[in-house]
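The values are calculated or read from the model by the stated rules, or taken from the named source; none is laboratory data. Since we're looking at a predicted model, the values are computed, not measured. So basically every Cβ, Gly included, is an ideal-geometry build from the backbone, and we count neighbours across all protein chains shown.
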Amino acid sequence: MGRTALNTKDYEQVERNSSSMNNNYMKLEFSAESVNESFARVTVAAFAAQLDPTLEDITEIKTAVSEAVTNAIIHGYDGLSGTVEITAELTENSITVTVSDNGKGIENIEQARRPLYTSKPTEGRSGMGFTVMEMFMDKISVESNIGSGTKVCMTKYFRKA
Amino acid sequence: MKITGSIKNDTLILYFNGELDHHSAQTTKEAIDNMLERYRFKKVIFNLAELSFIDSSGIGVFYGRRKLVKADGGKCALADINQKIERFIHISGLDRMFELYDSEEDALEAWGEQL
């Protein structure tokens, strides 16, 4: 009887849960402290390792994660405390990583993604973070809301050996 | 990240050991700038044999140090770039900002130093 009480929305939820359960999934949450940048990239790399990627693929994933987490800490929270959340989902030939913060958000995503653009030119930042993510991952999307945070989603496909 | 320096004739060789990211960038900059300000070297070699990771925060570290040395009329090179960071050095454009050498000896030789 309980089943018939489910409305459409509930069914959608059930379907979504079961689809993500087919794929191996992990979620990680940590303080937005720069000391955690290394922890974050190494953890995602360790999770990806079960797909038996090349060392080059692992390096590229680590670098892309490092860029996204650094952005969350420097730009999202800008010195304030907060948390960064990472999820990663594996299929048999890909990894999709999301890096989210609840920080101040990006006013102009297109400008932020432009090579060499930095909102902090006096701090010796290169403005290459998004460019590196784009070069090292196959797909990247950015969602941001002013005052509520930014979510970067990136996918990498592994070439079969 | 550990930075150690050695001096051969009038060239400063800086050895990078560890991971260069946003977290380690600030202390790395300070360590190098202290040496540069104190001794005013005109020739600096960054030995990257033991640099195991670099991301875009590292670009600013290298680019900024190059600017300091160049402002004093000097020159910089990257030497002994290991396989883990090789692709990043090319993609980031650092390979076009610096003279690149397979080893510090090659750099010293190219610069006319006695080995």
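Selection of region B:56-79 for residues being surrounded by fewer than 22 Cβ atoms within 10 Å (Cβ to Cβ), of a type outside the set (A, V, I, L, M, F, W, C) and either in contact with a strand residue (DSSP E or B) (Cβ under 7 Å, 6 or more places away or on another chain) or at negative phi (or both) yields B:Gly60, B:Tyr63, B:Gly64, B:Arg65, B:Arg66, B:Lys67, B:Lys70, B:Asp72, B:Gly74, B:Lys75. In the set (1) crowded, with 17+ Cβ neighbours inside 10 Å; (2) in a strand (DSSP E or B), the condition left unmet by A:Glu85 is number (1). For B:Asn17, are the conditions met, namely being modelled with pLDDT of 95 or more, closer than 24 Å to A:Gly129 by Cα and either out of contact with any Asp or Glu (no Cβ under 6 Å at 6 or more places or on another chain) or aliphatic (A, V, I, L, M) (or both)? The answer is no for B:Asn17. I'd like to know if region A:123-132 contains one or more residues that are over 25 Å from B:His90 (Cα atoms) and either surrounded by 21 or more Cβ atoms within 10 Å (Cβ to Cβ) or modelled with pLDDT of 95 or more (or both). Scanning region A:123-132, I find no residue that is over 25 Å from B:His90 (Cα atoms) and either surrounded by 21 or more Cβ atoms within 10 Å (Cβ to Cβ) or modelled with pLDDT of 95 or more (or both), so the answer is no.
Selection of region B:1-43 for residues being assigned to a helix (DSSP H, G or I) and aromatic (Phe, Trp, Tyr) yields only B:Tyr39.
When region B:1-31 is filtered for residues that are aliphatic (A, V, I, L, M) and either more than 12 Å from every other protein chain (Cβ to nearest Cβ) or surrounded by fewer than 21 Cβ atoms within 10 Å (Cβ to Cβ) (or both), the ones remaining, listed by number, are B:Met1, B:Ile3, B:Ile7, B:Leu12, B:Ile13, B:Leu14, B:Ala31. Can you confirm whether region B:73-83 contains a residue that is of a type in the set (Lys, Arg), farther than 23 Å from B:Gln26 by Cβ and more than 14 Å from chain A (Cβ to nearest Cβ)? The answer is yes; a qualifying residue exists.
Inside region A:120-151, residues that are within 14 Å of chain B (Cβ to nearest Cβ) and touching a residue at least 12 places away in the same chain (Cβ under 8 Å) make up a count of 12.
Among the residues examined, B:Phe98 qualifies as crowded, with 17+ Cβ neighbours inside 10 Å, at pLDDT 95 or above, farther than 24 Å from A:Phe39 by Cα and not aliphatic (A, V, I, L, M). The set of residues from region B:62-85 being over 15 Å from B:Leu12 (Cα atoms) and either part of a strand (DSSP E or B) or touching a Gly at 6+ places or on another chain (Cβ under 8 Å) (or both) comprises B:Tyr63, B:Gly64.
For region A:44-53, the condition holds for no residue, the condition being that it is surrounded by 19 or more Cβ atoms within 10 Å (Cβ to Cβ), away from chain B (no Cβ under 13 Å), part of a strand (DSSP E or B) and not hydroxyl-bearing (Ser, Thr, Tyr).
Only one entry in B:Phe53, B:Phe46, B:Phe88 is within 10 Å of another protein chain (Cβ to nearest Cβ), surrounded by 15 or more Cβ atoms within 10 Å (Cβ to Cβ), in a strand (DSSP E or B) and modelled with pLDDT of 95 or more, namely B:Phe53.
Being modelled with pLDDT under 95 and either within 14 Å of chain A (Cβ to nearest Cβ) or in a strand (DSSP E or B) (or both) is a description that does not apply to B:Gln114.
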